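No value in this document is a laboratory result; all are computed from the given coordinates. All values reported here derive from a predicted model rather than from experimental measurement.
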């Protein structure tokens, strides 16, 4: 996959998960993709201060991103 395809697939994954985050008053933005395998996102709104945001990141966001772009190795949130 090219860098452009990876970026496109990661954005598709975020669009899939976004309605769930929006329903809880949150959102997510793609910050960067490093070396075509390390994704940095920013959880926003209610998701930024939620006590279970790390679980959301792992169980929801990371799983969905890897479904669209299996070569992604890590997904981290920056505040």
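Entry note, region 3-77: relative contact order of 36 percent, from Cα contacts under 8 Å with a spacing of 6+ residues. What the Cα convex hull of the chain gives, in volume per residue, is 70 Å³.
Computed extension length for residue 35-residue 76: 13.3 nm, one decimal, from 0.36 nm per residue of separation with the Cα-Cα distance subtracted.
By the helix-only formula, in which each DSSP H run with n ≥ 4 contributes -39500 (n - 2.57) and the sum is divided by residues, the chain has a 222 nm mean residue ellipticity of -11500 deg cm²/dmol.
With all pairs of different C-alpha atoms in the average, the Kirkwood value for the hydrodynamic radius of region 1-42 is 10.9 Å.
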